[in-house]
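Comments concern the structure below.
The values are calculated or read from the model by the stated rules, or taken from the named source; none is laboratory data. All of these numbers come straight from a predicted model, not from anything done at the bench. Heads up, the Cβs are rebuilt from the backbone with ideal geometry, glycines too, and the neighbour counts pull from every protein chain shown. Remember, those area values only see protein heavy atoms, side chains included, never the ligands or the DNA or RNA. Shrake-Rupley method; radii C 1.70, N 1.55, O 1.52, S 1.80 Å.
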Amino acid sequence: MSNLTARLRASLVAALPPEQLLPDSQPEYVRSYVYVFGATTLASFGFLIISGIVLALFGPGWWHVSRIGHFFNSIHFWSVQAFFFFMVLHLWAQFFMAAWRGGRGITWLTGAVTFVVSLGAAFTGYLSQQNFDSQWIAVQGKDAMNAIGIGAYFNLLNFGQMYTYHVFLLPVAVAALTTVHLLQVRRRGVVPPIPPRGLGG
Amino acid sequence: MHWGIFLISVPNLIVIGVMVAVFALGIALRLPGHGGGASGR
Amino acid sequence: MRQPDVDPRPARAVPYDLLREVLVAFCVVLVLVVTMSAVFGSPDDPPMTIESFSRQSPLVFLQTALGDLDGSGEIASYGPPYNSGDGSVQHLGPVSLQEIPGVTIPINTAQDFVLSPLQPLATVQPAVASAVRTFRGATAAQRQAWEKAYGDALDAAVKSGASSLQAPAAAGPVGPMLAGLLHEAQIGGLDGLLLTSSRFYATDYTKPLLFLQGAAMHNRASTLNLLGTQWGMMNETGSYPGQAWLWLYTFWYQVPAIANSPSGDALVWVIMAVLTLLLVLVPWIPGLRRLPFKIGLYRWIWRDWYREHPAAAGPPPRAGP
């Protein structure tokens, strides 16, 4: 019987050697600013988590009655805007580069799923604001949820349920998916250019 | 803002406009630190 | 001959500081969100309460309560997951996904929104107590007659622009009952009564929100451009950017065939589910996966590479880098 720990370590190191996980060079074709939209998306997510932790520390009602609380809510609000702003730019860039080529399909898939789960994270956030916007989104959204049977289990009008989805379940899912996505990117490396016409031997 | 069935608030229009502009800039601008490239920036 | 998928020619490795890129990105985004927060803040339109609604629009409140009592209200006949009605049940062809889970959040609007909340008031107002007793003891036909008489008087009052209603004698106990409910709402009692659970702690706002979801909220939402027909899903209260990333989802609600369909929500779900699957599975969908080749924006992104490595320079060297 071989040593399971040693085998796990060997396969992890083989899949992602340290110099590939944290490379200090990139291929020469990485020369455009469209490559940084992933990093700015990650940074926006970081500020979402930080401002979210501050808001969570004081509870969901705090920001309505505290100037400091409202400021951190504003940080959270603009971080959401920045997050989707950069995530969509990142998606555009990867699409136009056809970044799924060369065995990078799973990288694209995890990114696209992260986008979809992020929609849910943002949606439950809008429902957790405790203001008219939340009330309106809840009563409007319920018909869509009920129309396909989801509303029977995922009740937009249940603040407690939406709040726990927003502050725990969905952020954890986004963070986990992002981690897998980043490891996939590091494992496969950035996608090489599309070959120019006339090259295909 | 209203054209046919398209109705969009000014803030949303600004955001989408800035997105397109930033994307165009992202393509147009070159990353720093590529000294020695044959492109001779 | 089929074009290969990736450029096989070896690329030079150029020093690149990934960590620096991420740190700079953090600094840029930090400046961005702090500046926007300091300059613009964030929206916080106060929530609507049943108290504020019943004070501002007492007759609309009475219309809502009457609809809950006589079963003509939207929620009274909604269907799953609230009750066994069929007023808001959506279908996809012969199938209704909405009906499969059944009634998981039972709501009986007459009982939950009118009769039960009147109980505390009935203990201190004998007139309300006897009205509720009379109403409960009456036949369905008798109740309908009272409700109709009340509804006619209410419609007339709304048309005449009155601000209050003198219930006719023909409305029987419905008059004192709804007057009592309005009084309870205006002193803030109904907000609490719809929320209270036997378990003391409350985190579930299903009942008060379902009470307010009709005319009460629509009137306020339309002034804020939040209606579905106003692409409202993308919009935010005040002059703030909203959820612009939902543009495609809300777009479908502008298509008349979908907006006017009783199963519009279910249809939009199907369309978006298919489109989402297409997005997620682009790498494996023939045609779609080659679309960026045809669009050609990549020639701009990698313009230096193509200039420095012209295709005419010869076939790719077989040796690795």
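Things to note:
- C/A buried area, accessible surface, summed, 1.4 Å probe, Å²: 8500 Å²
- Whole-number accessible area per residue in Å² for the protein assembly as shown, which is evaluated in the context of all protein chains at 1.4 Å: 48 Å²
- The stretch between residue A:14 and residue A:119 holds 34.3 nm of extra length on full extension. This uses 0.36 nm per residue minus the Cα-Cα distance.
- Relative contact order (%) - the stretch C:50-223, alpha-carbon pairs under 8 angstrom, separation at least six: 27 percent
- Taking amide H atoms as placed 1.01 Å from N in the peptide plane, the amide H of residue A:32 lies under 5 Å from those of B:31, each 5 or more residues away in sequence or on another chain.
- Between helix A:37-58 and chain A: long-axis angle, C-alpha atoms, 0 to 90°, nearest 10: 30 degrees
- Electrostatic bookkeeping for residue C:43 treats Lys and Arg as +1 and Asp and Glu as -1; over the other residues with beta carbon under 10 Å from its beta carbon, the sum is -4.
- Note on the protein assembly as shown: with charges restricted to the Cβ of Lys and Arg (+1) and Asp and Glu (-1), its dipole about the Cα centre is near 2440 debye.
- Cβ-based net charge around residue C:306, under 13 Å, with every Lys or Arg adding one and every Asp or Glu removing one: +2
- Residue of C:29, C:128, C:14 that the Gaussian network model of chain C assigns the largest fluctuation, springs spanning Cα pairs under 10 Å: C:14
- Portion, in percent, of the accessible area of the protein assembly as shown that falls on carbon or sulfur, probe 1.4 Å: 66 percent
- Most positive-pole-ward Cα, A:12, C:131, A:124, against dipole of the protein assembly as shown from beta carbon charges: A:12
- Think of each Lys and Arg Cβ as +1 and each Asp and Glu Cβ as -1; about the Cα centre, that makes the dipole of the stretch C:50-223 roughly 300 debye.
- Mean separation of Cα pairs under 8 Å and 6 or more residues apart, divided by the residue count, gives chain C a relative contact order of 17 percent.
- Positive-end extreme of charge dipole, the stretch C:131-213 - chosen from C:201, C:163, C:146 (charges on Cβ): C:146
- Area hidden from solvent between B and A (accessible, protein heavy atoms only, 1.4 Å, total, Å²): 1400 Å²
- Chain A: relative contact order as a whole-number percent, Cα under 8 Å and 6+ apart: 25 percent
- Residue-by-residue Karplus 3J(HN,Hα) for the stretch A:74-85, coefficients 6.51, -1.76, 1.60, Hz, glycine and proline x: 5, 4, 4, 4, 6, 5, 4, 4, 5, 4, 6, 3
- Residues with amide H under 5 Å from that of residue A:26, placed H, sequence gap 5 or more: C:14, C:16
- Kyte-Doolittle mean at least 0.5 and Cα axial length at least 27 Å: DSSP H helices in chain C: C:18-40
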